[in-house]
1. Criterion first (buried (at least 18 other Cβ atoms within 10 Å of the Cβ), more than 19 Å from B:Pro199 (Cβ to Cβ) and at pLDDT 95 or above) does B:Ser158 satisfy it?
2. Could you tell me whether any residue of region C:263-274 is under 18 Å from B:Pro75 (Cβ atoms) and touching a residue at least 60 places away in the same chain (Cβ under 8 Å)?
3. Checking the conditions here, which among A:Gly19, A:Gly26 is crowded, with 19+ Cβ neighbours inside 10 Å, at the interface with another protein chain (Cβ under 7 Å from one of its Cβ atoms) and more than 26 Å from C:Asp32 (Cα to Cα)?
4. Specify which of the listed residues (B:Asn48, B:Asn34) is in contact (Cβ under 8 Å) with a residue 24 or more places away in the chain, surrounded by fewer than 22 Cβ atoms within 10 Å (Cβ to Cβ) and within 13 Å of the chain's Cα centre (by Cα).
5. Looking at region C:55-100, which of its residues are of a type in the set (Gly, Ala, Ser) and in contact (Cβ under 8 Å) with a residue 24 or more places away in the chain?
6. Among the residues of region B:110-151, which ones are among the hydroxyl-bearing types (Ser, Thr, Tyr) and within 16 Å of B:Phe69 (Cβ to Cβ)?
7. Could you tell me whether region A:129-137 includes any residue that is within 21 Å of the chain's Cα centre (by Cα) and free of Cβ contacts under 8 Å to residues at least 12 places away in the same chain?
8. Farther than 16 Å from B:His134 by Cα, at pLDDT below 95 and not hydroxyl-bearing (Ser, Thr, Tyr): is that true of B:Glu45 in this structure?
Amino acid sequence: VEPTNGILVFQSDFGLLEGSVAQMYGVALKIDLNLKILDITHNIEAFNTWDASYSLFQTCPVFPSGCVFVSVVDPGVGTDRRSVVASTKAGHYVVTPDNGTLTHVCKHIGIVALREIDESVNRLPGSEKFHVFHGRDVYAYTGARLASGAIGFEEVGSELDIGSVYCHPVPGAKINDGRIEGMIDIKDPHFGMVWTNIPISMFESVDFGSKIEVEIRYKGEIKYRSEVIYGKSFGAVEVGGDVLYNNEIGFLALGTNRGSFVDKHNISSGYDWLISVTRIKDGGSLYV
Amino acid sequence: VEPTNGILVFQSDFGLLEGSVAQMYGVALKIDLNLKILDITHNIEAFNTWDASYSLFQTCPVFPSGCVFVSVVDPGVGTDRRSVVASTKAGHYVVTPDNGTLTHVCKHIGIVALREIDESVNRLPGSEKFHVFHGRDVYAYTGARLASGAIGFEEVGSELDIGSVYCHPVPGAKINDGRIEGMIDIKDPHFGMVWTNIPISMFESVDFGSKIEVEIRYKGEIKYRSEVIYGKSFGAVEVGGDVLYNNEIGFLALGTNRGSFVDKHNISSGYDWLISVTRIKDGGSLYV
Amino acid sequence: VEPTNGILVFQSDFGLLEGSVAQMYGVALKIDLNLKILDITHNIEAFNTWDASYSLFQTCPVFPSGCVFVSVVDPGVGTDRRSVVASTKAGHYVVTPDNGTLTHVCKHIGIVALREIDESVNRLPGSEKFHVFHGRDVYAYTGARLASGAIGFEEVGSELDIGSVYCHPVPGAKINDGRIEGMIDIKDPHFGMVWTNIPISMFESVDFGSKIEVEIRYKGEIKYRSEVIYGKSFGAVEVGGDVLYNNEIGFLALGTNRGSFVDKHNISSGYDWLISVTRIKDGGSLYV
């Protein structure tokens, strides 16, 4: 178990239009004035625990070990979902309701230990009468205590079976009949790229500049079918053109040079958004 | 008077689309590289000093004593409204134009001393020719000097009568003819809850799970009337259902489980938005 | 060459809806846990290197010397634009793609030395296979190393000719036939003011309260023509009225008291948006 380093990193679906996030800061600083506080984003889509999970997976790996992440996307606040702290293989801690937020960390990074937050000791004193803001009263409070060294991981609460962590299904990509078939894991809500679950290791033999047939289906219906250049970056195609590329964390992605692939083609993400990519070779379609 | 702790917390209506907020950071860091800078929000509704005041009330109490808050919602910038620093009963300082921002801090937390900022000494050197950015030139500058210990509270400027602080009216909730009558103080601009001015102390005898008759009127017209479950949290009702609950700072609030009460019912906040709640007992309406 | 001070300031067009910005934080903290990280804004208009440049010019001057700014508006990511670090006359460093971001710093502040980032040493180890996130892999990494003192400015890479920095044209304002003629450099995306390139030094002889004739043309067509009060601040005119004023960094600007000049008059910014201002004297129009 890694020692913590005094860095506390928040993410939530609270937005930054009012003072909820700041209340979490305040509680943390009351624990220790010297904590270093940062944010991933507070604009996770409301109640979307899949996106929260993906965001941790996207972001945590570049942080130094010993950081404590507090993730609060908590549609079930005040109900009986568990509150947990996961210790990860990367040496990080994630403090969160156990409602799916740990899905990608569990699958792609690895959880080495899991504890249930014992609210009889790890809860903001005086907050017992409040039931709608565990982000402040339980998660920020516990995360700050952990990050500051006021408590060790063992003092979070009783140990849980790692296998009991609540995970959404994470379908893998497959090679099937000369195609790689996967899904669209997430879309970039700002620039409008889509990121697939196809690891670039499956695409290693393909040269940049190759033409690839890409098909996207939603509930069986074709929403996009095109020959796309596999480029190093967006500039590999003209402005407004689509490009297949390797994203920043090692998966195939689709974007539009200086535009939004999502808006241009009305594409979204999730289990129902399937993608297949096929290398076009000598006039025919063949992947391997 | 509490010593300051090196933590400077900003809020404003400047937004984060351009560099105004960052200029306040820069001025502060030029005073002292070691200041710890945080934000409540910079998305207070433009020119809305009531919301700015409420935001401080919502947020400050959880912060450690010794923090300096700089609040800049300043529709009268460059005119003759006073610039002040309030020392609060919670051991905080609030640096702000005296235009209503201190309303809720004064009413609910308490101000123990008030000083007018003497711009002949507490103003960014060289800024005399600028008249539109006191947030940078006066408030951030003075707040940073105070937070860093470069000046003490007495050096802010001359003492003012606490009673002279500019406050908006703050109507209280009342029990009247078996109903509790209050107003909607504020709406959550993100999730869409509404928060009333009815303290939960007025509701202590009511059990969670009770049915409550809620009526919201705007300028005399009924905008919402429904029997609502008084729940611990949103999960007390089905998805899409309305719930009456205790908010995170001790007042009755209304929300919609995984939805926006504000959008669903076209409800807003302010003096003209009145609410009454009545416990339904044995088929009749009776509060006490 | 100024020593760095451990402060790292980011700006980008990444938005804050997902974890790109946080990945830059993470990379920086992995270099040095003690770095102080702040943001100007991450809402620069997508791909707009002019606005990025203006934002640095607007913001940097108030920061203490020794700060390192990392600016990532990078439409050409993964193509052959240079990656540079500029050392400025104000004692700051700017780490950026050399695509126009340094325009206003170069023109108005001054660059004293320029170096090209040598990616063979100044690139996040293991990131060689990624080509779409130089903000993380090159700029945040190099900026953090510089800010922390892990490398000195000389270790960024080989020295470049200062004159080779990529700059957009920066037209100056001129006095012509009794008028001051300039352009609208930028609009405030939040409150809706427009800022011109007319320095207030050209307006020093004009008294506050004077009436000024203002004309705004877009591609030759008059988009706004009005007599406007030259006021100290917005409060110099009634609510909803237009005012000509000195902005926070020393240029003439136009705003609407408690409203948006941009929205009210459909005005924008850029080379095609020209403005002329003429002092009205004794019934006639005469500037000097």
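The values are calculated or read from the model by the stated rules, or taken from the named source; none is laboratory data. Every value quoted in this text rests on a predicted model; they were computed, and no experiment measured them. Neighbour counts run over all protein chains shown; Cβ positions are idealised from the backbone, glycine included.
1. Spelling it out, it is not the case that B:Ser158 is buried (at least 18 other Cβ atoms within 10 Å of the Cβ), more than 19 Å from B:Pro199 (Cβ to Cβ) and at pLDDT 95 or above.
2. Yes; the residues of region C:263-274 include at least one that is under 18 Å from B:Pro75 (Cβ atoms) and touching a residue at least 60 places away in the same chain (Cβ under 8 Å).
3. Only one candidate passes the filter, namely A:Gly19.
4. B:Asn48
5. Those that are of a type in the set (Gly, Ala, Ser) and in contact (Cβ under 8 Å) with a residue 24 or more places away in the chain: C:Ser55, C:Ser65, C:Gly66, C:Ser71, C:Gly78, C:Ser83, C:Ala86, C:Ser87, C:Ala90, C:Gly91, C:Gly100.
6. Scanning region B:110-151 gives B:Tyr139, B:Tyr141, B:Thr142, B:Ser148.
7. Checked against the condition, which is being within 21 Å of the chain's Cα centre (by Cα) and free of Cβ contacts under 8 Å to residues at least 12 places away in the same chain, region A:129-137 yields no hits at all.
8. No; evaluated as a whole, the condition is false for this residue.
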